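The values are calculated or read from the model by the stated rules, or taken from the named source; none is laboratory data. Just so you know, these numbers come straight off a predicted model, no measurement behind them. Glycine gets a Cβ as well: all are built from the backbone with ideal geometry, and neighbour counts include every protein chain shown.
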Amino acid sequence: MPPKRKHVTKSKYTADRQIPGAFEGETITRRRFMTGGAHLGGAVATMAIVLPAAGFAFGPVFEKVDQPWNPVGPPDDFPDDTYVPAVVTLINDIGQGGKTTVYLRKRNPEIDTEPADEYNQWIALSTRCMHLGCPVRFVEASGRFICPCHGGVYGFRGEVTGGPPVRPLDRFYTRLKNGQVEVGPRYSVNSELDRFSPRDPGEPLDGVGQYLYPSRPTIRKGPNQ
């Protein structure tokens, strides 16, 4: 029978264990505490940077958007051969920051070939370029929308005719109520002017784009979405 091995108790001092960087009187417990404290401090510092950045990046995904219906004028104020600018409120209770300008006209069956319904008897186009979100301007002489930032050009219906935009200008639901044309929630369209839940600039909706860039889960859908 082999002899029993004698149990040897290891020293609690780092110097006795020849641990690199050890100094006299330092124990294993003290070193572990200091190492753990350094790791914890590093983790706290990292989270202090990462959490605000993550909140800024992903917060809008879960931000509920509840856009009101805005009366903008009687039907006769909006012809079918040009656009009239109108200011509408996108978000209540934040002052001028919650407002935007839309371009509005009456639907023209000879131009607007997409199916008609009660929410598009007036065509309301967003002034937000679908490249990077710069404001576009309607040039009546050419019947086009021009983005001054990167040369985006849109046709009379808001379709892309030149430059880098990835899809047509966004639109807004419209309706007639109490003798006033009202502008409601925003929606996005693809090159065929099919309706989709709102997307951000730079997100295409043709082909696989509609699946690669889904809408925000908490965004308010339109009346027939």
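As for the range 80-99, it holds no residue that is assigned to a strand (DSSP E or B), in contact with a strand residue (DSSP E or B) (Cβ under 8 Å, 6 or more places away or on another chain), under 20 Å from Asn190 (Cα atoms) and at pLDDT 95 or above. Taken as a whole, the condition of being buried (at least 16 other Cβ atoms within 10 Å of the Cβ), outside any loop (DSSP other than H, G, I, E, B), in contact with a strand residue (DSSP E or B) (Cβ under 8 Å, 6 or more places away or on another chain) and in the same structural domain as Asn178 (by TED's automatic domain parsing) applies to Tyr103.
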